[in-house]
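In what follows, a structure is listed as structure tokens, so that the remarks can point back to it.
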Amino acid sequence: MLDIAFTGTGDAAQIPVWGCGCTACVRAKNITTFKRKPAGLSITSPKGVTLIDAGRNDLADCFSVEQISRIILTHFHMDHVQGLFHLRWSEHGRKIPVYRPDDPIGCDDLYKHPGIFEFQKPFRELDTIVWDDFALTALPLNHSKPTLGYLLEYGGNRLAYICDTAGLPVVTKDFLKNKRIDYLILDCAEPPSSKIMYNHNDLNSALEIIQQLAPTKTWLTHISHRFEHWLLHNPNTLPDNIQIAQDGMRIQLIPSRTYGCL
């Protein structure tokens, strides 16, 4: 079994946004379960914990050095890598592999001073790597830095993690349509908009992707306070097979094309 947890479901500003008095931010200030930290996942298997992105600054409080088997980065914007900056100085003695898109710049001095982290050869478009616990394929996305989504395959289950994108490149859309994915975790940062989206999906863009890929179940993530505010004032607008992810929510994959969500 794979246990997949949302370590965060927010955008770079997180929720509550500092100094904001919107409905979503006020609710999150008063009820901590509605707070949103930077978007990311943890994937726990008998082999250890795999992190997809490391945007939280409290990762040391969540995981021990021994637990982390690998880290997979979607891209090098700060809200997806800032948790690495202090963790890299660990004196534990072991190295943790970090998988990444082909971004020669990266973020600040992480390449120059990686510390405990070993940056692996960059993924190329549609590269697949097979580990003992699951297989992973790199999916190019539309964003302002080189960015990848990932298709995770385990025991007959196919789950796509698509974060930080505006629409999908043709190569990614065609690949996922041919794969017939079961589950989708999808960027939806903004409420419905008539504007062209450049870095993140609005709800209209997200629904178009869902219609194209036709997964059994979709969780929306990378939620901004603007979208959260809109949702509070437009309840019951999403189909039953589309759910707004929350920090700490868990998805369990077992080798039979079934899932459980806690």
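Brief remarks follow.
- Every condition in (1) assigned to a strand (DSSP E or B); (2) among the aliphatic types (A, V, I, L, M); (3) farther than 20 Å from residue 3 by Cβ holds for residue 160 except the one numbered (3).
- Region 140-167 - residue that is more than 26 Å from residue 46 (Cβ to Cβ) and of a type in the set (D, E, K, R) and, of those, surrounded by the fewest Cβ atoms within 10 Å (Cβ to Cβ): 145
- Applying a threshold of 7 Å to beta carbon distances and a minimum spacing of six or more residues, or different chains, the list of pairs starting in region 115-139 at a residue that is exposed (fewer than 15 other Cβ atoms within 10 Å of the Cβ) and ending at one that is of a type in the set (Gly, Ala, Ser) and assigned to a loop (DSSP other than H, G, I, E, B) is empty.
- Within region 88-108, if we keep just the residues that are surrounded by fewer than 18 Cβ atoms within 10 Å (Cβ to Cβ) and in contact with a Phe, Trp or Tyr (Cβ under 9 Å, 6 or more places away or on another chain), the residue that is nearest to residue 52 (Cα to Cα) turns out to be 97.
- Enumeration of residues in region 192-234 that are modelled with pLDDT of 95 or more and part of a loop (DSSP other than H, G, I, E, B): 192, 193, 199, 200, 201, 214, 215, 216, 222, 224, 234
- Residue within region 42-57 that is at pLDDT 95 or above, touching a helix residue (DSSP H, G or I) at 6+ places or on another chain (Cβ under 9 Å), over 17 Å from residue 98 (Cβ atoms) and small (Gly, Ala, Ser) present: no
The values are calculated or read from the model by the stated rules, or taken from the named source; none is laboratory data. Since the model is a prediction, treat every value here as computed from it, not as a measurement. For neighbour counting, all protein chains shown are included, and Cβ atoms are generated from backbone atoms with ideal geometry for every residue, glycine included.
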